[in-house]
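Okay, so here's the structure we're looking at.
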Amino acid sequence: MGDMSNSDFYAKNQRNEENHAAAFGCSVMELRSLMELRGPEAVVKLQEDYAGVEGLCKRLKTSPTEGFPGAQTDLDKRKEIFGKNLIPPKKPKTFLQLVWEALQDVTLIILELAALISLGLSFYHPPGESSGESCGAAGGGVEDEGEADAGWIEGAAILLSVVCVVLVTAFNDWSKEKQFRGLQSRIEQEQKFQVVRGSQVIQLPVSDIVVGDIAQIKYGDLLPADGVLIQGNDLKIDESSLTGESDHVKKCVDKDPMLLSGTHVMEGSGRMVVTAVGVNSQTGIIFTLLGAGTEEEEKKEKKGKMQDGNMESNQIKVKKQDGAAAMEMQPLKSAEGGESDEKEKKKPSVSKKEKSVLQGKLTKLAVQIGKAGLLMSAVTVIILVLYFCIDNFVMQKNPWMPECSPIYIQYFVKFFIIGVTVLVVAVPEGLPLAVTISLAYSVKKMMKDNNLVRHLDACETMGNATAICSDKTGTLTTNRMTAVQCYIGDVHYKEIPDPGTLPPKSLDLLVNSISINSAYTTKILPPDKEGGLPKQVGNKTECGLLGLVMDLKRDYQPIRNQIPEDKLYKVYTFNSVRKSMSTVIKLSDGSFRMYSKGASEIVLKKCSHILNEVGESRVFRPRDKDEMVKKVIEPMACEGLRTICVAYRNFSGDPEPSWDDESNILNDLTAICVVGIEDPVRPEVPDAIKKCQRAGITVRMVTGDNINTARAIAIKCGIIHPGEDFLCIDGKEFNRRIRNEKGEVEQERIDKVWPKLRVLARSSPTDKHTLVKGIIDSTTTDQRQVVAVTGDGTNDGPALKKADVGFAMGIAGTDVAKEASDIILTDDNFSSIVKAVMWGRNVYDSISKFLQFQLTVNVVAVIVAFTGACITQDSPLKAVQMLWVNLIMDTFASLALATEPPTECLLKRRPYGRNKPLISSTMTKNILGHGVYQLIIIFTLLFVGEKIFDIDSGRNAPLHSPPSEHYTIIFNTFVMMQLFNEINARKIHGERNVFDGIFRNPIFCTIVFGTFLMQIVIVQFGGKPFSCQPLDLEKWMWCVFLGLGELVWGQVIASVPNSKLRFLRRAGQLTQKDESPEEDVNEDNEEIDHAERELRRGQILWFRGLNRIQTQIDVVNTFKSGTSFQGAGALRRQSSTTSQTQDVTNVSSPSHVSLSNALSSPTSTTAATAPPTTGQC
């Protein structure tokens, strides 16, 4: 919004405020100024102006516990006065803007210029009748044919085809943008938030939240609006998205109650009253400023103040980047996110990770092909011009006549157009188009397979995944927790006991403990359908415990009503460090009682007493604990049950304990019972894991659960098979193995652990991140590992960001996890990940199919244009025909081949990996094989075609001669061969049946038939613009017959074994060259300029030199110290291998070995080995 619109907005609000002064006791501006305060200032202001939070709620006509009733009129009024919770999206680019962008393509500009020159010259007639004869051969045939007036047609036709190409590109961009906006709005609708209205807790889409709503906030939420805290338990907020400070800010009602939109809840829970939404919230204000900035720039431009265009456009670019930064913190995900085209979308993901495998390979390939094309086209033009000049002015000794200049220039322009056409055909502009279409198509289809793709390239990276680190709960299991065993009053019950058999005292304590010491948002509701299972809402483990209370014929709700949430004295919420949750309540006699629950090993360690068979407390000695672990907890865990211990502790009210001294408070507990909770494996998971293993993907389970439970579930899922050589370890053991004496993680140590690791239990979020980083940075395998990770908690964020592809859970996942992920699994199911692998591989294969087809056409068209031009001074395929072929090849073929649906066969091969060339040896064999067939046919037709068909030769025709049947047959045959070769291109692994599954892809069939019909129209009615002469049926049959030959020839090529064609190995490795150094280069820099590369090279040489000196000193010292010669040899070997490792390591952190350090400790090899082991690569 520009200044104008902003001031209008405020003025309108002022008027509204006056009108509704009676309605609410505060205005938008007052609330905005309140929300700008922090900490004690805010508390003072709240007290002075509003008499605290209760006063504020009164003014906003809402109750702090029950919310407002939520009548429609009230909602509308609130939206009218305080605004909606939406940030107005940025305008999408118009179709015309996209057309203008498509016109910026260099090759198209060159073609347009050439066409305009050709047009201009065709209208110029040289004076004098005799000019034809006097200009010699050059002028021959111009006037005689009486065709000069048709000279403009070629220029016009080129312009027309350029228009077609531009429109098609613009349309693709436009539809792509539309898809992104759709995807964006889908993500927006996905985000819901819990609010209290009319004393009912309801889930609302974020956009429906209004000022005055009472929002319930909990660990993992992304706050959707600004608000003031009414009541909080141990609440910590990450405000880094607004302030840049990474420390978590503690929020409490009496010290700092201000909560801001776009910030993340990292710990605890609470309730807040919403005070600002949409453009009035803190995030909204920043967005409005950004929006205003860009619009002002645009206005300036319109006024024509273009003195310093560069600076302005740079400013706009900076603003856009700010926008991208703000996007990160934006909770509402307004359509701004789907802004402009996919490049913008990809920016965050590219800077987050290195280029995706496919992008890297394609960029490289396109550059190589482009260079080759440019060379060919330049050579073509030079040869044509030289031949013409030598033939005219040297051989025939014609003088250069001024009146003939236009004719000569017309020839030169024609040569130039031929050259540009060769370039146009050589450059595969269809590649980016094919990639986009393929990705966009896949993304759309993946939505149906429960994968919501947030970053386009994640879809294709997934096809190369070699490892998946999956959570257990909810992904591999159903996340429907049921208590099935318990140990209470010294008895281990294998089934839930009858409440009559339990000691009444223990039973009461257990029921109270579970009911009070759990989030009050966790509930068990009656089933939706009769006979269905009760509905679990909230934390699933707590639901399992509440289910136990109900199985014991008790009800948790009356207890909660008796002690509402705001009466809870202190809450220690669950987090990954505590691994337990405790709640303190004040009893009627002034003393305190704390209920605690958590992972059984952890809580039992803190217990000093346990309730016996009559419900009395007895001492719980370490010996008893060990026995309990052996006899109760381990058997439960071995059956795949999650074990939870419930305990309590009484405190005297005088003096009141220091609640902040956690280590003393959470100690000396009395155990009430241990519960075994079952979370059954999802029925479809074992099969999905089998598919992954067959496809060469290792599945690892990373869970916070007990090692025995994790192992039992891993066996049920098929992650581990008894008798195999694998590792199942817990977080403690994992850290012991991968850290050195100083406690630092060493890559070499990780490399010893991860290849066999299958289950990592009791892992902290840091362990998960360390494991993912360790696998990605490992250099022990030939290929760099591509790792996918699933996560649902806020603490999974770092691992999701680090992984090549991060999957967040759509149902159980927190907003923070979704924000860090690349793909959201809308059904939280592991088998959806397998679908993502299939689609990812399909994208890669689609691109390969398109490349195989495209490069065959490119090779043939370029060679034909080049040799034809050199031998007959005219390309057999005219500029317009080439553009049509280009359209078939690029746009239509990319549509046809990029939309092939995936099949199960894709999961029967191993991942391609990063270093495998994009063009495999089979593909190279196909490209060269089909190229040879097409060239033989075309050259045969070109040089002896007129004899075969008994027609006039089309070679050496004068400038504006009419189209010949001879060249039309060549053009038609060429197109027919491409059409049938498109069917061949559907298979890239040497399969025989190219028609397999062809009817499953209606787009492909439509395009092949459509192209065929268009070709008939062009040949029969194209006439002069397309340089075509209509053909009779017999000639058509011959063209189609030669085209069909492609299918037969395809079978011949498939019969030639690859092993016989050793030389193709090199041809296929177009993109392997310097692939690996590129990957090790600093992740953040997308592209490094040459100077920097030279610098890096210098550094590598410098380190090599250093290492050599070091080795020599080491060897000398070894001799001095009198050790055997073998010792020195081993030393040198070790040092040289280290130097190689260092070359890689030091690329990314060039300055961490100094000469002094290397020379100062000559007797030890530590200076040499330090860098690789610190794991800095």
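Brief remarks on what is shown
- Excluding ligands, DNA and RNA, the accessible surface per residue across segment 359-458 is 40 Å² with a 1.4 Å probe.
- Accessible carbon and sulfur surface of segment 487-640 relative to its total accessible area, %, 1.4 Å: 54
- Protein-only accessible surface at a 1.4 angstrom probe places the residues LYS987, LYS768 in the order LYS987, LYS768, largest first.
- Taking the accessible area of segment 669-776, probe 1.4 Å, and keeping the other protein chains in place, the carbon and sulfur fraction comes to 49%.
- For segment 820-957: lysine pairs under 17 Å (alpha-carbon distance), excluding those fewer than 8 apart on one chain: 4
- Cross-link pairs exceeding 26 Å in C-alpha to C-alpha distance, out of LYS472/LYS773; LYS570/LYS818; LYS472/LYS597; LYS364/LYS987; LYS178/LYS690, comprise LYS570/LYS818; LYS178/LYS690.
- Computed E for ASP498/SER608 - FRET, C-beta separation, R0 45 angstrom, nearest 0.05: 0.90
- Residue ranges 551-558, 463-470 sort as 463-470, 551-558 when ordered by packing (mean number of other C-beta atoms within 10 Å per residue, highest first).
- Here the simple spin-label model places points 7 Å from the Cα toward Cβ, and for PHE999 and THR73 these points are separated by 6.3 nm.
- Distance from the C-alpha centroid of segment 550-604 to that of segment 625-695: 15 Å, rounded to the whole angstrom.
- J(HN,Hα) series, segment 379-384, from Karplus relation 6.51 cos²θ - 1.76 cosθ + 1.60, nearest Hz, glycine and proline x: 4, 4, 4, 4, 4, 4
- Overall form of segment 590-662 per C-alpha gyration tensor (a/c, 1.5; a/b vs b/c): prolate
- When peptides 753-766, 626-639, 472-485 are sorted by average Cβ neighbour count within 10 Å, with the highest value leading, the order is 472-485, 753-766, 626-639.
- The DSSP beta bridges internal to segment 677-805 are antiparallel in roughly 10% of cases.
- Excluding ligands, DNA and RNA, the accessible surface per residue across segment 527-609 is 49 Å² with a 1.4 Å probe.
- Sequence ranges 815-825, 648-658, ranked by mean other-Cβ count within 10 angstrom, highest first: 815-825, 648-658
The values are calculated or read from the model by the stated rules, or taken from the named source; none is laboratory data. Just so it is clear, the structure is predicted and the values come from calculations on it, not from any experiment. FYI the Cβ positions are ideal-geometry reconstructions off the backbone, even for glycines, and counts take in every protein chain you see. Heads up: the accessible areas ignore ligands, DNA and RNA and are worked out on the full protein's heavy atoms, side chains in. Shrake-Rupley method; radii C 1.70, N 1.55, O 1.52, S 1.80 Å.
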